[in-house]
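**Student:** After the structure tokens below, expect a handful of questions from me.
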Amino acid sequence: RMIAICQYNSMPGEDMMLMRHYLRKHNIEVKFVLNEIVRPVLSQSKYRNLLPLFVARNILLVSPETKAREMLRVLRGVPQINLLGACIDDTILSRQGVESFAKLPSLETAQGQALGALGLLPSQTSSLLQRCSAHLTALLD
């Protein structure tokens, strides 16, 4: 569901192991790829628009879940790894797109907000209908 393409600049092995550990906590795997292998494969796939990102040394951050917020939090602490773009739920996003996506509420939160708004409408309608009948009764008395 989520594949992020990052530029990889050399860094100490200990820092790399620490970053991998933090990413694995969120079920995000780090994959080292060779551009000579990835470019021909991508050119034949539906992800060929990602080809311009594979120029320098790259790594892929792969997760079966959309963990953009957690990934960005870990990458902020690692200046040697630069996020170039990502493919989340078959949608190609730039770095800014990934950052915007990470700011979105979770699906459960959005569903709860929608249900809350939908539940408010019947109660407002009911109170409006009762207010009119109460007002009419008061006028008739």
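The values are calculated or read from the model by the stated rules, or taken from the named source; none is laboratory data. Being a predicted model, the structure only gives us computed values, none of them experimental. When we count neighbours, we look across all protein chains shown, and the Cβ atoms used for this are built from the backbone with ideal geometry, even at glycine.
**Student:** Which residues, taken from region 78-95, are over 17 Å from GLN7 (Cβ atoms) and in contact with a Phe, Trp or Tyr (Cβ under 7 Å, 6 or more places away or on another chain)?
**Tutor:** Selection gives ILE88 alone.
**Student:** Also: Just for helices (runs of 4 or more DSSP H) wholly inside region 1-99: which have at least 2 residues that are polar (S, T, N, Q)?
**Tutor:** Numbers: elements: 13-25, 35-43, 68-76.
Per the criteria, 35-43.
**Student:** Now, a different point. Can you tell me which residue among VAL33, VAL98 is among the hydrophobic types (A, V, I, L, M, F, W, C), assigned by TED's automatic domain parsing to the domain that holds CYS6, surrounded by fewer than 17 Cβ atoms within 10 Å (Cβ to Cβ) and closer than 20 Å to GLN7 by Cα?
**Tutor:** On the way: VAL98 fails: surrounded by fewer than 17 Cβ atoms within 10 Å (Cβ to Cβ).
Just a single option satisfies the conditions, and that option is VAL33.
**Student:** So for region 119-140 (the condition being surrounded by 10 or more Cβ atoms within 10 Å (Cβ to Cβ), assigned to a loop (DSSP other than H, G, I, E, B) and within 35 Å of the chain's Cα centre (by Cα)), does at least one residue qualify?
**Tutor:** No, the conditions are met nowhere in region 119-140.
**Student:** Name the single residue, out of those in region 101-118 being under 27 Å from ILE5 (Cα atoms) and either of a type in the set (Phe, Trp, Tyr) or surrounded by 11 or more Cβ atoms within 10 Å (Cβ to Cβ) (or both), that is modelled with the lowest pLDDT.
**Tutor:** Of everything passing the filter in region 101-118, LEU104 is modelled with the lowest pLDDT.
**Student:** Let me ask something else about it. Among the candidates VAL62, VAL98, VAL38, single out the residue that is in contact with a Lys or Arg (Cβ under 9 Å, 6 or more places away or on another chain) and either within 23 Å of ASN9 (Cα to Cα) or among the basic types (Lys, Arg) (or both).
**Tutor:** Values: VAL98 fails: in contact with a Lys or Arg (Cβ under 9 Å, 6 or more places away or on another chain); VAL38 fails: in contact with a Lys or Arg (Cβ under 9 Å, 6 or more places away or on another chain).
Answer to the selection: VAL62.
**Student:** Any residue in region 77-93 that is more than 30 Å from PHE32 (Cβ to Cβ), among the polar types (S, T, N, Q) and surrounded by fewer than 15 Cβ atoms within 10 Å (Cβ to Cβ)? Can you show your working first?
**Tutor:** Quick first cut of region 77-93, residues more than 30 Å from PHE32 (Cβ to Cβ) only: none.
There is no residue in region 77-93 that is more than 30 Å from PHE32 (Cβ to Cβ), among the polar types (S, T, N, Q) and surrounded by fewer than 15 Cβ atoms within 10 Å (Cβ to Cβ).
**Student:** Next up: Could you list all residues from region 36-48 that are within 21 Å of the chain's Cα centre (by Cα) and either surrounded by fewer than 10 Cβ atoms within 10 Å (Cβ to Cβ) or closer than 17 Å to CYS6 by Cβ (or both)?
**Tutor:** Passing the criteria: only TYR47.
**Student:** Among the residues of region 28-73, count how many are among the β-branched types (Val, Ile, Thr) and free of Cβ contacts under 8 Å to residues at least 24 places away in the same chain. Steps first, please.
**Tutor:** Step one: filter region 28-73 for residues among the β-branched types (Val, Ile, Thr), giving 28, 30, 33, 37-38, 41, 55, 59, 62, 66.
With the extra rule that they be free of Cβ contacts under 8 Å to residues at least 24 places away in the same chain, the set shrinks to 37-38, 41, 55.
The number of residues fulfilling the criteria is 4.
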